[in-house]
Amino acid sequence: MNRSWLALAILLGTVGHTIEVAARPAEVFMPHLEQIRLGIPPDDVLRLPAEILLGGPGGLNPNDLIVKVFPSSAPSRLTISLFTCESGPFPCLVGSFTAESATSANAQRELSRHRAMNTPITLVQGVRGYLQEGPSLNPPSDFSSVMWEQEDMIYSVSFLASERQNILFMARSMAIEPPIFSMQLPAARSVEPSESSVELLQDNSPSR
């Protein structure tokens, strides 16, 4: 291999490795990072907050939460939810993080609903999020959420409405954090042979 090409390959590999290492989400996600990356659709990325922030009574430790990964292929989406229990008589969902391609019509519709609430928040320069407060909905919801579009993805953070300020903080953290990349390989695309390639194959075929 030419030395210049070898040096370029090493440089690109180092840059890619640095980008992935830099994306370090909250501690509770770390044991599940491989599963999360396997759930990200091949052409998508995911952002997660650097810290899970929770208030309210009880002193809940974020690192004690149960992480569940919900990939979806129709539409292509990844949801990561946090629970206080595996199952029980009472709902134990604390909150969720969702990433979906900006080409998704469903995601764009939901983003439009958030925009209609007219509560914009600047997350980072050039990125604006929209808060939807659950108690203001009809019918009311126990969960509030922030949605935004960033680099061809639509993200949402949904937590109990009592965590309003922490929802905003976590959304800002997600927007700042480097993206997490998929471990899935893009689907192979079939390419129709061109006329010139067909003619070349015919010309090179053995004569009988």
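Considering segment 55-73, and only residues there that are closer than 18 Å to residue 161 by Cβ and open to solvent by 40 Å² or more (accessible area, probe 1.4 Å), the residue that is modelled with the highest pLDDT turns out to be 60. Quick check: is even one residue across segment 108-127 more than 17 Å from residue 174 (Cα to Cα), within 19 Å of the chain's Cα centre (by Cα) and either β-branched (Val, Ile, Thr) or in a strand (DSSP E or B) (or both)? Looking through segment 108-127, none of the residues is more than 17 Å from residue 174 (Cα to Cα), within 19 Å of the chain's Cα centre (by Cα) and either β-branched (Val, Ile, Thr) or in a strand (DSSP E or B) (or both).
Evaluate the following for residue 76: is it under 19 Å from the mean Cα position of the chain (by Cα), surrounded by 14 or more Cβ atoms within 10 Å (Cβ to Cβ) and modelled with pLDDT under 90?
On the way: under 19 Å from the mean Cα position of the chain (by Cα): yes; surrounded by 14 or more Cβ atoms within 10 Å (Cβ to Cβ): yes; modelled with pLDDT under 90: yes.
For residue 76, the condition - under 19 Å from the mean Cα position of the chain (by Cα), surrounded by 14 or more Cβ atoms within 10 Å (Cβ to Cβ) and modelled with pLDDT under 90 - is met.
Just give me the residues in segment 128-157 being open to solvent by 80 Å² or more (accessible area, probe 1.4 Å) and within 14 Å of residue 172 (Cβ to Cβ), in sequence order. 128, the sole residue that qualifies. Each residue in segment 92-107 was checked for being assigned to a loop (DSSP other than H, G, I, E, B), open to solvent by less than 80 Å² (accessible area, probe 1.4 Å) and among the hydroxyl-bearing types (Ser, Thr, Tyr), and 1 pass.
The values are calculated or read from the model by the stated rules, or taken from the named source; none is laboratory data. What you are looking at is a predicted structure, and each value in this text was computed from that prediction instead of being measured. When we count neighbours, we look across all protein chains shown, and the Cβ atoms used for this are built from the backbone with ideal geometry, even at glycine. SASA here: full protein model, heavy atoms, side chains in, ligands and nucleic acids out. Shrake-Rupley method; radii C 1.70, N 1.55, O 1.52, S 1.80 Å.
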